[in-house]
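The structure appears right after this line, and notes come after that.
The values are calculated or read from the model by the stated rules, or taken from the named source; none is laboratory data. Computed from a prediction, not measured in an experiment: that's the story for all the values here. Cβ: placed from backbone, ideal geometry, glycine included. Neighbour counts: every protein chain shown.
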Amino acid sequence: MKKEQHRTYSLEFKLQAVLLSSHPDIDTKEVAESLNIHPFMLSRRKTEMIYFQHFISAKVGMNKVRQYIEYYNNKRKHSSLGYLSPVQFESVAS
């Protein structure tokens, strides 16, 4: 059995991967597979680079949170909801 080699990625590669996976219509897993990296690695980078930001003001931070909630509820597909967004699931269920 071969031991897998540890790969090192440039900052530019990491940034491009995070930018690609941040697009609302693209799934992180799909981006990871297309770049031949593990989805967990990409998800971790995304968390580090996007969600742990320091904002210049509380207003800017709250705006970013509102944008994420809007994305999470209206566009992000949830496997537990049959790959529908919560809003889509609610409209189908009612």
Can you name the number of the only condition in (1) more than 14 Å from the chain's Cα centre (by Cα); (2) within 29 Å of Leu11 (Cβ to Cβ) that Arg45 fails?
-> (1)
Going by the conditions given, is Val92 at pLDDT 85 or above and not assigned by TED's automatic domain parsing to the domain that holds Phe13?
-> yes
Taking Arg44, is it assigned by TED's automatic domain parsing to the domain that holds Pro24, loosely packed, with under 14 Cβ neighbours inside 10 Å and either of a type in the set (D, E, K, R) or outside any helix (DSSP H, G or I) (or both)?
-> yes
With respect to Met62, determine if the residue is modelled with pLDDT under 80, part of a helix (DSSP H, G or I) and exposed (fewer than 14 other Cβ atoms within 10 Å of the Cβ).
-> yes
